[in-house]
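Report on the following structure.
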Amino acid sequence: MTKKVQVSATVNGETVDFLCEPWQSLLDVLREELHLTGAKEGCNNGNCGACSVLLDGAPVNSCLVLAVEAEGAEITTVEGIAQNGQLHPLQQCFLEGAALQCGICTPGFLVTAKALLDQNPNPTEEQIRFELAGNLCRCTGYDKIIKAVLAAAKNLQEAN
Amino acid sequence: MKPFDYTAPSTIADAVSLLSQHNGEARVLAGGTDILVQLREGLREAGIVIDVKKIAELRALDCCSTSGLTLGASTPCAEIYGNADVCTAYPALTDAARIIGGWQIQSRASIGGNLCNASPAADSIPALIALNAVALVAGPNGQREIPVADFCTAPGRNALAAGELLVCLQFPAPSAKSSSAYQRFIPRNEMDIAVVGVGSWLQLDESGQTILSARVALGAVAPTPVFAAEASDWLAGKPATEDTYRQAGELARKSASPISDMRGTAEYRVHLVGVLTQRTLAKAVQRAVAQRAAG
Ligand SMILES: Cc1cc2nc3c(=O)[nH]c(=O)nc-3n(C[C@H](O)[C@H](O)[C@H](O)COP(=O)(O)OP(=O)(O)OC[C@H]3O[C@@H](n4cnc5c(N)ncnc54)[C@H](O)[C@@H]3O)c2cc1C
Ligand code: FES
Ligand code: FES
């Protein structure tokens, strides 16, 4: 019989220890054990991106990561994107640009878009569309999301 | 998901002995983008999952102009196309790595996993065959090499024997004036399974006008990815012109034996083989020439 495993990781800048079953997904543990419910379960098979988190800086689908694999890793969820009570420019631009309707996809888009802007502060529309292809949205038709990311990139650059 | 145990050995020897010890009920985990989906959907079962990402040899990405490329079986796609030397020397490989799923998938998905999963439509395999990659495998009886063209045996089946682990893929050093390309056809722009995929590699002569040798490989047109031998052999000695690429496309169509399914009819797939062979050859020539101008 399998036994629970103790895992120690850094989540949104804080050291976190948790117990998990070896077959539990990171998404499951984030939501059910750590009560970080920002990452959403859309498809549970890697297609929708609603469960996106950063694992050591890289965007991943947390439904396709085992929680035990997080040992020693740094994880950022959508809850870790705002700093000192200040929304991240991406969050601000999503709000101002009405880049969401039901909002289920939004945490995933924010996390992936943050990874993109961290890597490429001035992406073209085409680059944004390509890198966000793993995030699906059933409501917005994507245009407002892409525009919000472009606006956030501009704001971030002007702030620097 | 049905319960299973998890272990993450740090050496090849430990991984191989774990595989033998749990013969039949152990599953290797690389990026998990195939296996975790299959376990969750009950398509496969595991008593224990062996995570091989902590084994240094399986995370290798050593690109050297004289000895070639050693690509660890579990190195993720994003790391591969993030390496400028690999993009320059083995563009068919990075073309494929860049379009396997979206970014979240590419952060995790490995070429070793893509190969071992042995889908007829796997994007990396035609590129690996065109680039003449060899799989290095470790097992209870030591190590052996398998040419990638012989690695897949049927949909979802590969040539690994019980207890064997794929360690790495070895690519020959790039020869002068050679290059490669991989392209697939899908009905949308990203995130879909190839209707057809074609990988081409070729080497030009000194002048850049004549093809010295070429390798063309096809995906999603047979139970396994296939080497298009007739087209590849015919290309040697031909001028690097559009007419040559078109004729090679005609020959490559003969190596395709597709089925009709929801992604496309057999007839449409055969047509696509011709088109993509032509385009990947043209792209590979363009790249080989550009490299020559730069270098
Ligand atoms: C949303 C989504 C989109 C996708 N899009 C594409 C696509 O566009 N093109 C495409 O080709 N594929 C696609 N895939 C499939 C998958 O991402 C790829 O096949 C990927 O390359 C698998 O690699 P992995 O490291 O995740 O493998 P894993 O899932 O870890 O392993 C795959 C299989 O190989 C075995 N294995 C892995 N490593 C070894 C080893 N070293 N030795 C022996 N056996 C091993 C595993 O046991 C398992 O059976 C997609 C998957 C998802 C979920
Ligand atoms: S829930 Fe993970 S990708 Fe959809
Ligand atoms: S806002 Fe509803 S799915 Fe994107």
**OP:** Sort through B:A46, B:A78, B:A97 and tell me the only one that's among the hydrophobic types (A, V, I, L, M, F, W, C), away from ligand 2 (no atom under 16 Å from the Cβ) and over 26 Å from A:F109 (Cβ atoms).
**Re:** B:A46
**OP:** Please tell me if A:K3 is modelled with pLDDT under 95 and either at negative phi or more than 14 Å from chain B (Cβ to nearest Cβ) (or both).
**Re:** yes
**OP:** Out of the residues in segment A:127-143 that are without any contact (Cβ under 8 Å) to a residue 12 or more places away in the chain and more than 10 Å from chain B (Cβ to nearest Cβ), state the one that is nearest to ligand 2 (Cβ to nearest atom).
**Re:** A:G141
Subject >> Top-ranked residue of segment A:25-52 - restricted to ones that are among the polar types (S, T, N, Q) and crowded, with 21+ Cβ neighbours inside 10 Å, ranked as farthest from the other protein chains (Cβ to nearest Cβ) >> reply: A:S25
Subject >> Selection within segment B:241-262 - touching a Gly at 6+ places or on another chain (Cβ under 7 Å) and under 21 Å from B:L212 (Cα atoms) >> reply: B:G249, B:E250, B:A252
Original post:
Looking only at segment B:171-186, which residues are assigned to a loop (DSSP other than H, G, I, E, B) and within 13 Å of ligand 1 (Cβ to nearest atom)?
Top reply: B:I186
Original post:
Considering segment B:253-273 alone, what residues qualify as being farther than 15 Å from B:P126 by Cβ and in contact with a Leu (Cβ under 9 Å, 6 or more places away or on another chain)?
Top reply: B:G264
Subject >> Residue that is farthest from the other protein chains (Cβ to nearest Cβ) [pool: residues in segment B:100-137 that are within 18 Å of B:E57 (Cβ to Cβ) and among the β-branched types (V, I, T)] >> reply: B:V134
Original post:
So which residues in segment B:52-74 are part of a strand (DSSP E or B) and crowded, with 16+ Cβ neighbours inside 10 Å, if there are any at all?
Top reply: B:L61, B:C63, B:G68, B:L69, B:T70, B:L71, B:G72
Original post:
Identify, please: which residue in segment B:87-99 is surrounded by fewer than 24 Cβ atoms within 10 Å (Cβ to Cβ) and within 14 Å of chain A (Cβ to nearest Cβ) and is, among those, farthest from B:A181 (Cα to Cα)?
Top reply: B:R98
Original post:
So which residues in segment B:27-44 are assigned to a loop (DSSP other than H, G, I, E, B) and either small (G, A, S) or over 18 Å from the mean Cα position of the chain (by Cα) (or both), if there are any at all?
Top reply: B:A30, B:G31, B:G32, B:E41, B:G42, B:L43, B:R44
Original post:
Do you know which of the residues in segment A:114-140 that are within 13 Å of ligand 3 (Cβ to nearest atom) and closer than 16 Å to B:E190 by Cβ is surrounded by the most Cβ atoms within 10 Å (Cβ to Cβ)?
Top reply: A:N135
Subject >> B:E41 being loosely packed, with under 14 Cβ neighbours inside 10 Å and closer than 18 Å to A:C63 by Cα >> reply: yes
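Listed here are the residues, each with its yes/no results for (1) surrounded by fewer than 22 Cβ atoms within 10 Å (Cβ to Cβ); (2) in the same structural domain as B:V86 (by TED's automatic domain parsing); (3) touching a residue at least 24 places away in the same chain (Cβ under 8 Å); (4) among the small types (G, A, S).
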| residue | (1), (2), (3), (4) |
| --- | --- |
| B:I193 | yes, no, yes, no |
| B:W201 | no, no, yes, no |
| B:L212 | yes, no, yes, no |
| B:E242 | yes, no, yes, no |
| B:E250 | yes, no, yes, no |
| B:A288 | no, no, yes, yes |
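The values are calculated or read from the model by the stated rules, or taken from the named source; none is laboratory data. Remember, predicted model here, so these are calculated numbers, not experimental data. For neighbour counting, all protein chains shown are included, and Cβ atoms are generated from backbone atoms with ideal geometry for every residue, glycine included.
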